[in-house]
Amino acid sequence: MKQMKHLKGLLFFVAGSLIISSCSLFGNRGGKPTNTNPGQMSTATGLAYNDEDGGGFQVSPFEGQPDAPNTVFIEGGRAIMGSFEEDVMSSRDNVERTVSVASFYMDETEIANIHWLEYMHYLAKDSSQEVYARALPDTLVWRGKLAFNDPYVDHYLRYPGFRYFPVVGVSWSQANDYAVWRTRAVNVELAKGAGEQYAETDGRIPLESGIVVPAYRLATEAEWEYAAQAMLGTQWVEELQTHQRIYPWDGHALRNPFGKEMGFFLANFKRGRGDYAGIAGRLNDGALITSYIYEFPPNDYGLYNMAGNVSEWVMDVYRPLSFQDFDDLNPIRRDGFLDEAAGSQNKYNNIEKDPTGFTSLITDRARVYKGGSWKDVAYWMSPGTRRFLDEDSATATIGFRCAMIRAGSNY
């Protein structure tokens, strides 16, 4: 009897050891390999991983996508894209339709003056004078023939009091250049902490290493609109949402209905003709121009100023009929694809392309920008509204924030 008990105990021990061994080899998916624990050998060939003496395939440790500075996770899903505000401009260029957007990351704030000054500092050290000059914001966007905004020309970008105000005077092209530089700067810093093999890297770090973040970039229009709506906060039971949103918060009102901030505006915008901030002694949104990037309550994704403060560049080329052409999974309009197929009356050519002299402001250089600014009325703060400007133009009302894919995710 004792021998039987001893044998049973031994069998339990062996079985437990096999289970533990299986888990240690393959993670916790029923003993199967996972991305973070691929095991010690290939399930396809039986060859050992990381066998340096035998020239084996190298599988780097991986614990998931590294944290990217200033970003928050936006869980993807199905949403209704389009304008829920009355179409007072009669543009009909964002008709409601159902799309799905993959999960991604987005800056919780707009890129601020201090971030751009940091960028210019490193460009001055590492790049040519031509590259540095190309990165300079157009501070003259503040100057007006019939307004005395001249002090902002010299002070807004560089004076310490404006450090955490959104950078403006930046074109779509400049915003893209910043995203490229930022990706390299972040990944080089990540590489320094990843071991000696990456310590002296010049930024070209293998994707297989698992230590880098994907590229920072401008959000697509669909991503930006999806993140601004933040319908996460309207969830009820399974796959039911109680209501849509006109703005990035609940209700049709523009004032905070709760707490100590009750009655104060939820965004920085222009209330009406000549009214940018309210009256002295009771300044409402408290900002005649732009405002502190964390000034107003974040939306349900934790994103600040997705309405008001500054409008923001997105990746897409502008077409008024994009809503008809979009794919319904991760939609984007990259260029003039389908323009010719739409018929001659819908072609968006310029005089260089079209010898007949037909010209249009809608070209492949026309880029979408979203959200209202400090100088816009409330209508433009609805996430579905859209406008466009040439990719090399800049104003005192347009800034940007970056986005990033969630790599290795299927939702």
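Computed from the coordinates by the stated procedures, all read-outs in this text should not be read as laboratory data. Bear in mind the structure is a predicted one, so any value in this text is a computation, not a measurement. Virtual Cβ from ideal backbone geometry, glycine too; neighbours counted across all protein chains shown.
Just to be sure I understand the model, the point goes 7 Å from the Cα along the line to the Cβ. What's the resulting residue 62 to residue 189 distance in nm?
2.5 nm
Which order do 34, 139 fall in if you start with the one that has the fewest other Cβ atoms within 10 Å?
Taking fewest neighbouring Cβ atoms as first place, the list is 34, 139.
Quick one: order 313, 142 by neighbouring beta-carbon count within 10 Å, fewest to most.
Sorted ascending by nearby Cβ count, the order is 142, 313.
All other residues with a Cβ under 11 Å from the Cβ of residue 134 taken together, and with Lys, Arg as +1 and Asp, Glu as -1, what is their net charge?
Residues near residue 134 contribute -3 overall.
Need the full-extension length gain, residue 330 to residue 86, defined as separation in residues times 0.36 nm minus the C-alpha distance. One decimal, nm.
Full extension of this stretch gives 85.3 nm more.
Dividing the convex hull volume of the alpha carbon atoms of the chain by its residue count, what do you get in Å³ per residue?
Convex hull volume per residue, Cα atoms: 255 Å³.
On the Cα set of segment 60-118, report Rg and Dmax in Å, please.
Just the Cα atoms of segment 60-118 yield Rg and Dmax of 17.6, 55 Å.
Find which of 38, 395, 241 sits farthest along the positive direction of the dipole of the chain, computed with +1 on the beta-carbon of Lys and Arg, -1 on that of Asp and Glu, about the Cα centre.
In the chain, that residue is 241.
Round to the nearest 0.05 the FRET efficiency obtained for residue 241 and residue 103 when R0 = 22 Å and r is the Cβ-Cβ distance.
0.80
Per 0.36 nm of contour for each residue apart, how much would the distance between residue 411 and residue 145 grow if the chain were fully extended, relative to their Cα-Cα spacing?
Taking 0.36 nm per residue and subtracting the Cα distance, the gain is 90.7 nm.
Calculated FRET efficiency, residue 393 and residue 50, Cβ-Cβ r, R0 41 Å, to nearest 0.05?
0.20
Please report 236, 172, 116 as a ranked list, fewest other C-beta atoms within 10 angstrom at the top and most at the bottom.
Ranking 236, 172, 116 by Cβ neighbours within 10 Å, fewest first, gives 236, 116, 172.
Could you tell me the relative contact order of the chain? Use alpha-carbon pairs under 8 Å, at least six residues apart, and round to a whole percent.
21 percent
Identify, among 264, 174, 129, the residue whose Cα sits farthest towards the positive end of the charge dipole of the chain, taking +1 on the Cβ of Lys and Arg and -1 on the Cβ of Asp and Glu, with the dipole about the Cα centre.
With unit charges placed on the Cβ atoms, the residue in question is 264.
For residue 78 and residue 215 in the same chain, what is the full-extension length gain: residue separation times 0.36 nm, less their Cα-Cα distance, in nm?
Working it through step by step, the gained length comes to 46.9 nm.
What spacing in nm lies between the two simple spin-label points modelled at residue 127 and residue 158, each 7 Å away from Cα in the Cβ direction?
Label at residue 127, label at residue 158, 1.8 nm between them.
In the chain, how many lysine pairs have Cα atoms under 23 Å apart, counting only pairs 8 or more places apart or on different chains?
Close lysine pairs under the 23 Å cut-off: 6.
Compute the label zone of residue 118 within segment 171-190: residues whose backbone N is under 18 Å from the point 7 Å along Cα-to-Cβ.
175-190
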